[in-house]
Amino acid sequence: MRRLVLASASPRRSELLKQAGFRFEIVPAHINEDTRPDEDPIAYVVRLAREKAQAVYAQLDDPETVVIGADTTVTLDGHILAKPEDNVDAIRMLRMLSGRTHRVITGVAVVTATRFEVAAEVTGVQFVTLREEEIAGYVATGEPMDKAGAYGIQGYAARWIPRIEGCYFNVVGLPVALVTSMLEPHFLKGPLGHRI
């Protein structure tokens, strides 16, 4: 029987995959997430998603396993805004996003015994102009610290986002429709959609 494994410790990705009706195990991947020189944001997240999935697949060494890896980043003016290193870095990122429209990109990879498939989802996210005290107060909550771009659309920062263009779930961290289409060839269709 096929076994689905999520190569991520993200509670948001886990919640979204459960919401879509999948049963799966969680085995976090531990890889170097540094960018390469002149690496394009889409190439960056797709590479990390693939490396996460491949690392976990190699660790499990089970031909019946299907591993899904994902990585999300925020990009503005060609700059990759990953998770902030500290409060100062979070403030810097939020100042950059203030009053602008940025892109959220999630790379997704599915790895099996015989092949791997990769794809990416891109969503445009508009921010209102933020006051310095709003930024400082938000950073003080700690919410930005484990999130690409230093914010979570599903949290307090939702009040600053009047408009998005594209998949909402992508901004949360996992483009559910894309993931489902990638997993479809590996699992039978059940009464609630694609399940194992």
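The values are calculated or read from the model by the stated rules, or taken from the named source; none is laboratory data. Since we're looking at a predicted model, the values are computed, not measured. Backbone-built Cβ (ideal geometry, glycine too); neighbour counts: all protein chains shown.
Things to note:
- Boolean, residue 55 is assigned to a loop (DSSP other than H, G, I, E, B), in contact (Cβ under 8 Å) with a residue 40 or more places away in the chain and more than 23 Å from residue 154 (Cα to Cα): no
- Filter result for the condition that a residue is in contact (Cβ under 8 Å) with a residue 40 or more places away in the chain and surrounded by fewer than 21 Cβ atoms within 10 Å (Cβ to Cβ), over 158, 109, 90, 136: 136
- Candidates 45, 27, filtered to the one that is at pLDDT 95 or above and touching a Ser or Thr at 6+ places or on another chain (Cβ under 6 Å): 45
- Residues satisfying the criterion are present in region 146-159 (criterion: over 18 Å from the mean Cα position of the chain (by Cα) and either in a strand (DSSP E or B) or on the phi < 0 side of the Ramachandran plot (or both)).
- Picking from residues in region 93-106 that are of a type in the set (Val, Ile, Thr) and buried (at least 20 other Cβ atoms within 10 Å of the Cβ), the one that is nearest to residue 54 (Cα to Cα) is 106.
- The single residue among 28, 63, 37, 84 that is surrounded by fewer than 12 Cβ atoms within 10 Å (Cβ to Cβ), of a type outside the set (Gly, Ala, Ser), touching a residue at least 12 places away in the same chain (Cβ under 8 Å) and in a loop (DSSP other than H, G, I, E, B) turns out to be 63.
- Of the residues making up region 108-140, those that are part of a strand (DSSP E or B), touching a Ser or Thr at 6+ places or on another chain (Cβ under 8 Å) and within 25 Å of residue 5 (Cα to Cα) are 120, 121.
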